[in-house]
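S.K.: Pasting in a structure now, in structure tokens, and then I'll have a few things to ask.
The values are calculated or read from the model by the stated rules, or taken from the named source; none is laboratory data. Keep in mind the model is a prediction, meaning the values are calculated, not measured. Reconstructed Cβ throughout: ideal geometry from the backbone, glycine too, with neighbour counts over all protein chains shown. These area figures cover heavy atoms from the full protein model, side chains too; ligands, DNA and RNA do not enter into them. Shrake-Rupley method; radii C 1.70, N 1.55, O 1.52, S 1.80 Å.
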Amino acid sequence: MTFNPLVVFFAAIFTNNMIFSNFLGMCSFIAVSSDIKTSIGLGQAVTFVLAITAPINYLLYHYVLVPFGLEYLRYIVFIVSIAAFVQLVEMIVERSFPSLHQSLGIFLPLITVNCAILGVSLFMTIRNYNLITSTLYGLGSGLGWMLAIVALAGIKKRMKMSAVPEGLQGSGITLIITGIMALAFIGFSGIVQIS
Amino acid sequence: MKQTKTIFLEGLWGNNPIARQILGICSALAVTNLMKNSLVMGLGLIFVTAFSELTVSLIRQWTPKHIRMMVQVLIISAYVILVDIFLKAYFPDISTALGPYVGLIITNCIIMGRCEAFAQANPPHIAFIDGIAMGTGYTLVLLTIAFVRELLGFGTLFGIRILGDSWVSWSIMIMPPGAFFMLGILIWILHTVKKKDQEVAK
């Protein structure tokens, strides 16, 4: 089965959004989403890492693991390649773009344990995407994740003054808001379909 | 023995990974539309957490400090691969249903968090018990959410019809928003109960 790369790209942003339909990357989503600027920074970092690690892991899987029959090792290989790549990016950014490092730096180590990154790599192998589709899927997922976290940060900012019931404050209300946002995103379903 | 009891109480209630620490909710939300999937996921997580903590604790004296995160990830991945292969061999249908979420146990912050915070500083047998306790706490929350979602969303429990044919399924409960609402409400209830506990204690 082949997929139109562009369809996959838009589906990853809207109908199969990482957070609203796959629940991936929730940990940092809940913890960080209190400030719009920080959210944008983290979103950019996630998008960047996703767009690069998806093709890297694709190549590793199809040209190293499959020929040797080592598919079952993919978890270890994926997580190591993601961690190594994040480390590499951090070093390059620190040397060459100090200003970017200041705004992005603290988020990079967090990204290794962001389930969205590993999730994208696993989804693309399960769904048998080709190289171009995988890259666009990674990019789209990252943008979708950024859209979600920035939108949530915006809503939370507006809600600062509202009287939230005591037990619901913090993560509770964040989850309820996310639920309502997910409801809104269901409105996109049917426009583009993957899987 | 007393220590074991304290650790279990911590894992199940006082320091429950999902309800208190908001860790590992990715998979908590994704697999809870069916009781069966949640149970399998929970058992897998108990296994991985317990044995990873055991291993991390066993080799903690010989692990260089600056690469310990990498070592922990590798240990966790090895156990996750075991779970994945086991599920594929004996429960192929559940393995397909869980899809990538079995692999995502690796990035489940509960395991990393406990390895880093607990297993690094405690002897192996206590770390092992802590792993079981934390995993069980996680499974209980998973099953609670799945209970409501499957009951309201399909009218069944473990695939067995509970509510009569006249029951109109709430399809929203099976869809992602249902998971967010359920977890939000559950955290709300637990926070309120804990608050009451503390007031009584005072």
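S.K.: Give, rounded to the nearest 20 debye, the magnitude of the charge dipole that the protein assembly as shown has about its Cα centre when Lys and Arg contribute +1 at Cβ and Asp and Glu contribute -1 at Cβ.
M.R.: Once rounded to the nearest 20, the dipole reads 580 debye.
S.K.: Right, next: Would you work out the relative contact order for chain A, in percent, from Cα pairs under 8 angstrom that are 6 or more residues apart?
M.R.: 47 percent
S.K.: Please compute, for peptide B:171-181, the average count of beta-carbon atoms on other protein chains lying within 10 Å of each residue's beta-carbon.
M.R.: Other-chain Cβ atoms within 10 Å of each residue's Cβ, averaged: 6.
S.K.: Can I ask one more? Got a sec? Charge dipole of region B:2-147, +1 on Cβ for Lys and Arg, -1 for Asp and Glu; which of B:144, B:99, B:8 is way out at the positive end?
M.R.: Positive-end residue among those listed: B:8.
S.K.: Buried accessible area between A and B (1.4 Å probe, both chains summed, ligands and nucleic acids excluded), in Å² to the nearest 100?
M.R.: Protein heavy atoms only, the A-B interface buries about 3200 Å².
S.K.: Using only Cα atoms, find the angle between the long axis of helix B:68-90 and the longest principal axis of chain B, and express it within 0 to 90 degrees, rounded to the nearest 10.
M.R.: 40 degrees
S.K.: Any number yet on Rg/Rh for chain B, C-alpha, Kirkwood?
M.R.: Expressed as Rg/Rh, it is 1.01.
S.K.: Which one of A:139, A:174, B:132 has its Cα pushed farthest toward the positive end of the charge dipole of the protein assembly as shown, where Lys and Arg give +1 and Asp and Glu give -1 at the Cβ?
M.R.: My answer, from the dipole projection, is A:174.
S.K.: Let me ask you something else. Compute accessible area for region B:103-150 by itself and then with all protein chains, 1.4 Å probe, and report residues whose area falls by 40 Å² or more.
M.R.: Hits at the 40 Å² cut-off: B:104, B:106, B:107.
S.K.: Taking θ as phi - 60°, what are the ³J(HN,Hα) couplings along region A:69-76 by the Karplus curve (6.51, -1.76, 1.60), each to the nearest whole Hz, with x for Gly and Pro?
M.R.: For region A:69-76, the Karplus curve yields x, 10, 4, 5, 7, 4, 4, 5 Hz.
S.K.: Write down, largest first, the equivalent ellipsoid semi-axes of chain A in whole Å, where each equals the square root of 5 times an eigenvalue of the alpha-carbon gyration tensor.
M.R.: 29, 22, 14
S.K.: Sticking with this one: How large, in percent, is the carbon and sulfur part of the accessible surface of the protein assembly as shown at a probe radius of 1.4 Å?
M.R.: Carbon plus sulfur share of accessible area: 70 percent.
S.K.: Leaving out same-chain residues fewer than 8 places away, which aspartates and glutamates sit with a Cα under 20 Å from that of residue A:157?
M.R.: Output for residue A:157: A:35, A:166.
S.K.: Just the accessible area per residue of chain B, please: how many Å² with a 1.4 Å probe?
M.R.: 46 Å²
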